[in-house]
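Report on the structure given below.
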Amino acid sequence: MTLSLFISTWIGGERGWSVTVWFDFHHGRAPLEAYQVHNLWNKGHLVYGHPDNPVDDHLAAKTVAVDAAAEKSVVRIITTGHGQGNTDNAAEFAMKQHTVKANDQTHTWTLWRNDCAQNTCSPQGGNWQPGRAGWCPGDSVVPEDVDVSAAAVAGQDVDLDYDIEAYENCCRPDNESCNASNGGCCMSFAGECNYNYTGHTEPNFAVSSQLILYRDPCGVVSQ
């Protein structure tokens, strides 16, 4: 097993990060153990708000066969929003609703962190205090764990879907109506519609998600 770490930073120059990793080991046996992981939706740069490239095209529904030994099923979603200077200042600084569906079961939450100013990895350089879509600079991302056990019946298939609130970014280079006098389409640089990758970057989400199955460790027969 390999453990890797990637840090994206904008601090420039020769400066970087000093990283410390620690592990907690707990004695005993958990009442349920995670034993199967099914990858669902994994996108490093999911464009958000372009009508010719809707997010639904990249978040197709999934059908997963639930193992007969499964006693609990959890969909784990790790999503963060990025990009700024757009309509609603999306996706880094926009509060948008996200939804996981499992058969007829629905779970909706607002992807947002409002505690960035209390980040223990602070003070920092730059604009680290404002809330953001699912993350804070220098802090870990908290997963959204959705218990779908009621829908994911052992020995049967479960239909899973992931939806993000409908949104159109009018502040984009290919939008002919994007201009400085259109009433606030662009949030930065007086309505500049071209992405400059400083104050105006394309709205997008980074998504990682899995269906995790749990079983009773005492029910496992050793071979």
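The values are calculated or read from the model by the stated rules, or taken from the named source; none is laboratory data. This structure is a prediction, so every number in the text was calculated from the model and none was measured. FYI the Cβ positions are ideal-geometry reconstructions off the backbone, even for glycines, and counts take in every protein chain you see.
General observations
- Pair list, Cβ under 8 Å, 6 or more apart: the stretch 118-133 residue within 13 Å of GLN84 (Cβ to Cβ) and loosely packed, with under 11 Cβ neighbours inside 10 Å, other residue modelled with pLDDT under 80 and not acidic (Asp, Glu): GLY126/TRP10; GLY126/ILE11
- Pairs, first free of Cβ contacts under 8 Å to residues at least 40 places away in the same chain in the stretch 31-60, second buried (at least 17 other Cβ atoms within 10 Å of the Cβ) and assigned to a loop (DSSP other than H, G, I, E, B), C-beta under 9 Å, six or more apart: HIS58/TRP41; ALA60/TRP41
- Of all the residues in the stretch 1-41, those that are within 25 Å of LEU211 (Cβ to Cβ) and among the basic types (Lys, Arg) number 1.
- Some residue of the stretch 99-115 being touching a residue at least 60 places away in the same chain (Cβ under 8 Å), more than 30 Å from VAL21 (Cβ to Cβ), buried (at least 16 other Cβ atoms within 10 Å of the Cβ) and among the hydrophobic types (A, V, I, L, M, F, W, C): no
- Qualifying residue in the stretch 47-59 (condition: surrounded by 11 or more Cβ atoms within 10 Å (Cβ to Cβ) and part of a strand (DSSP E or B)): yes
- Checklist (1) modelled with pLDDT of 95 or more; (2) surrounded by fewer than 21 Cβ atoms within 10 Å (Cβ to Cβ); (3) in contact with a helix residue (DSSP H, G or I) (Cβ under 9 Å, 6 or more places away or on another chain) applied to GLU33, failing item: (1)
- Residues of the stretch 60-95 that are in a strand (DSSP E or B) and either among the hydroxyl-bearing types (Ser, Thr, Tyr) or more than 20 Å from GLU144 (Cβ to Cβ) (or both): THR63, ALA65, SER73, THR79, THR80.
- Of residues in the stretch 95-118 being β-branched (Val, Ile, Thr) and out of contact with any Phe, Trp or Tyr (no Cβ under 6 Å at 6 or more places or on another chain), the one nearest to ASP139 (Cα to Cα): THR110
Listed here are the residues, each with its yes/no results for (1) modelled with pLDDT under 90; (2) exposed (fewer than 12 other Cβ atoms within 10 Å of the Cβ); (3) over 30 Å from TYR214 (Cβ atoms).
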{"position": "TRP135", "(1), (2), (3)": "no, no, no"}
{"position": "SER140", "(1), (2), (3)": "yes, yes, no"}
{"position": "ALA154", "(1), (2), (3)": "no, no, no"}
{"position": "ALA190", "(1), (2), (3)": "yes, yes, yes"}
{"position": "TYR197", "(1), (2), (3)": "yes, yes, yes"}
